[in-house]
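Everything on this sheet refers to the single structure shown next.
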Amino acid sequence: GVGMGMTAPVSITAFPAEDGSFQQKVKVSLRIPSQFQDNPPCPTDESIKIEERQGMTIYSTQFGGYAKEADYVSYAAKLKAALGSDAAFRKDFYLCNGYDPPMKPYGRRNEVWFVKE
């Protein structure tokens with residue numbers, strides 16, 4: 001019953017298949033606004049969970065436009081290629097982040113994050 005407004009980024013945890021595409025399982029995460037951080041309201045939908053995301057070091061790439069799954073997959077492949085074999089990062093998932101509301105037509109920001117091991 002508490003309205004919190006939208007926060008950025010909207011973060012999708014992608015679990016890549018062998019061919020690099022997303023598996024059917026994804027997790028969408030929204031940041032709880034600062035004023036609710038210490039005591040977040042309890043979800044009334046049991047499919048919604050409150051998680052605390054620990055600090056992390058990431059490798060990131062940024063791109064514009066209205067991001068689709070194919071864009072995230074493509075930029076994840078480019079980031080992986082740019083990092084080469086020397087960088088240690090989690091291979092079982094990566095994060096796809098969008099920062100803009102749907103009605104913003106220009107100057108959109110999207111990012112792919114690999115979590116450093």
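Starting from the Cα of THR61, step 7 Å along the direction of its Cβ; do the same at GLN37; then give the gap between the two resulting points in nm.
So the label points at THR61 and GLN37 sit 3.1 nm apart.
Calculate the spin-label point distance for VAL28 paired with ALA77, positioning each point 7 Å from the Cα along the beta-carbon direction, and give it in nanometres.
2.6 nm
Among [x] 26, 17, 14; [y] 52, 22, 9; [z] 18, 17, 14, only one was calculated for this model; which label is it, if the read-out is semi-axes √(5λ) of the Cα gyration tensor in Å?
Identified label for the calculated read-out: [x].
Once the dipole of the chain is set up with Lys and Arg at +1 and Asp and Glu at -1 on Cβ about the Cα centre, which of MET4, PRO43, ASN110 lies farthest towards its positive end?
Of the listed residues, the answer is ASN110.
Could you tell me the number of lysine pairs in the range 10-115 with C-alpha atoms less than 18 Å from each other, where the two lysines are 8 or more residues apart or belong to different chains?
10
Taking a ≥ b ≥ c as the square roots of the eigenvalues of the Cα gyration tensor of the range 49-108, is the shape rounded (a/c under 1.5), prolate (a/b larger than b/c) or oblate?
Here the range 49-108 falls in the oblate category.
We did not get these values from a lab; they are worked out from the coordinates using the rules stated. Keep in mind that what you see is a predicted model, and the values were worked out from it rather than measured. Don't worry about glycine lacking a Cβ; one is built from the backbone with ideal geometry, like all the others, and counts go over all protein chains shown.
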